[in-house]
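Q: Take a look at this one; I'll ask things after.
The values are calculated or read from the model by the stated rules, or taken from the named source; none is laboratory data. Computed from a predicted structure; not experimentally measured. Neighbour counts run over all protein chains shown; Cβ positions are idealised from the backbone, glycine included.
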Amino acid sequence: MKIRTVFLLAYSLASLPALAQDTTQHVIPGRKNSAAQQNKPYVILISADGFRYDYPEKYNATHLLAFANEGVRAASMIPSFPSSTQPNHYAIATGLYPAHHGIVQNIFYDRDRQTYFNSSNMQNTEDATWYGGTPLWVLAEQQQLLAANFYWPGSNAPIKGIYSTYYYIHNNKIAINDRIQDVVNWLKLPAGQRPHLITFYLPWADDAGHTYGPNSPQVAAAVQLIDSTVDALTQAVATTGLNVNYIFVSDHGMSQPDTQHPLPTPAALDTSKFIISGDRMVVELIAKNPSDIQPTYQALKKEARDYDVYLRENIPAHLHRNTSDDRHNRIGDILLLPHYPNLFNIYNHKLDKGQHGYDPATVKDVHAIFYAWGPAFKTHTQIPAFPNVDIYPLVTRILGLTVTDPIDGTRELADEALK
């Protein structure tokens with residue numbers, strides 16, 4: 001499929017609402033790759049939002065399956081909890097679990113600021129003080145290796161005072177063929193100005209999955225579109241003559257719970273006494289008066305039938321979300337987790353057919369995908385599922401970057417996937 005055809009199909013599908021309509025490429029002046037960094041490899045990190053681990057086989061994504069066979073494919077990639085967009089894109093970017101990097105849900109309440117973070121609010125997403133950790137593009141720029149971002153969540157904030165050298169504010173007006181051409185243009189720059197790390201974001205599987213459910217023909221079309229786009233990207237990049245490494249991932253998968261019969265708001269919950277952070281798969285309660293925590297917890301425990309109730313201090317360790325993990329003071333005093341296929345609808349919103357956010361340890365459908373190919377990767381290799389925080393040390397090893405801050409990711413993925 002030619003790039004122009006890819007764009008026309010993309011245009012026909014629903015896409016994310018624009019978070020901004022700034023279509024300008026932002027370029028930070030005065031930066032150059034150091035002489036030593038100019039000889040480093042190249043990595044294009046592609047995220048297909050909401051692309052479930054089994055979609056390529058389910059919907060016959062022939063190009064992606066060929067790339068996976070050529071290089072490394074994982075049984076799945078395990079999202080961080082909650083399996084939502086902002087926490088997981090930023091977990092991949094930082095190698096930290098959400099309670100460690102601070103973006104704990106798409107929408108959450110911060111006790112210290114006494115206000116909400118909302119991933120649809122540009123004032124929030126451009127405010128670097130919300131973000132902890134050192135994203136890959138910041139680490140690269142700190143070490144005089146240039147980076148470029150095309151819509152990766154978190155990349156339009158100057159985290160640690162640093163933007164990537166090249167970046168775009170998220171918008172829905174730039175055609176996919178133009179995005180691909182920009183990547184090619186970046187890689188054709190002189191060696192001193194050429195980015196060695198490029199992130200690239202594709203929204204269509206998540207859009208279609210939410211609206212129509214993961215088993216719909218619309219999701220099948222979105223998967224085909226992503227398959228063709230990745231193929232078009234690789235063909236276009238090949239014209240540069242550079243040997244580029246590709247990592248194809250997603251932030252989470254997609255499930256189809258019972259949206260027709262949401263759980264009622266628990267009778268034991270007095271909403272006047274708590275600030276509610278989250279809904280549907282993850283409900284967090286922040287007490288206005290700490291004295292209300294224990295009696296409400298006990299009452300909820302007695303009432304709970306189709307959901308689990310935890311105090312912040314006894315949230316299961318595998319969720320990396322309890323008191324000892326809460327580095328930014330953003331986790332609820334009480335956590336309600338519905339059992340799949342149940343969900344809450346405390347705000348009484350219209351519920352999409354497709355949902356994610358569940359604990360990946362209990363709902364396999366929210367697992368993400370990982371394929372990788374290129375000169376740094378082993379060939380014809382299958383590896384077991386792994387946590388998404390391991391992407392960070394994988395990329396830093398390929399690019400020869402020194403990890404400067406503690407991270408949660410381990411070297412296991414890099415050891416299994418790289419030559």
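Q: Could we say that residue 243 is farther than 26 Å from residue 98 by Cβ, surrounded by fewer than 16 Cβ atoms within 10 Å (Cβ to Cβ) and touching a residue at least 60 places away in the same chain (Cβ under 8 Å) here?
A: Against the criterion (farther than 26 Å from residue 98 by Cβ, surrounded by fewer than 16 Cβ atoms within 10 Å (Cβ to Cβ) and touching a residue at least 60 places away in the same chain (Cβ under 8 Å)), residue 243 qualifies.
Q: When you check residue 125 against the structure, is it more than 25 Å from residue 394 (Cβ to Cβ) and within 15 Å of the chain's Cα centre (by Cα), yes or no?
A: Yes: the conditions hold for residue 125.
Q: In region 245-277, what count of residues is obtained for those that are farther than 28 Å from residue 209 by Cβ and charged (D, E, K, R)?
A: Of the residues in region 245-277, 2 are farther than 28 Å from residue 209 by Cβ and charged (D, E, K, R).
Q: In this structure, does residue 297 turn out to be over 22 Å from residue 87 (Cβ atoms) and surrounded by 17 or more Cβ atoms within 10 Å (Cβ to Cβ)?
A: Here the answer is yes, as residue 297 does meet what is asked.
Q: Something else: Among 25, 21, 37, which is the only one that is touching a Leu at 6+ places or on another chain (Cβ under 9 Å) and surrounded by fewer than 24 Cβ atoms within 10 Å (Cβ to Cβ)?
A: 37
Q: Now, a different point. Within region 341-360, can you find the residues that are more than 21 Å from residue 387 (Cα to Cα), in contact (Cβ under 8 Å) with a residue 12 or more places away in the chain and in a loop (DSSP other than H, G, I, E, B)?
A: Answer for region 341-360, where residues must be more than 21 Å from residue 387 (Cα to Cα), in contact (Cβ under 8 Å) with a residue 12 or more places away in the chain and in a loop (DSSP other than H, G, I, E, B): 341, 342, 343, 345, 346, 347, 349, 351, 352, 353, 354.
Q: Here's something else I'd like to know. What pairs can you find where one residue is in region 141-153 and touching a residue at least 40 places away in the same chain (Cβ under 8 Å), the other is crowded, with 24+ Cβ neighbours inside 10 Å and among the charged types (D, E, K, R), and their Cβ atoms are less than 9 Å apart, with a gap of 6+ or different chains?
A: 153/251
Q: Just give me the residues in region 379-419 being under 15 Å from residue 247 (Cβ atoms), among the small types (Gly, Ala, Ser) and outside any helix (DSSP H, G or I), in sequence order.
A: 409
Q: Here is a follow-up. Taking the options 116, 151, name whichever one is within 27 Å of residue 243 (Cβ to Cβ) and at pLDDT 95 or above.
A: Matching residue, one of 116, 151: 151.
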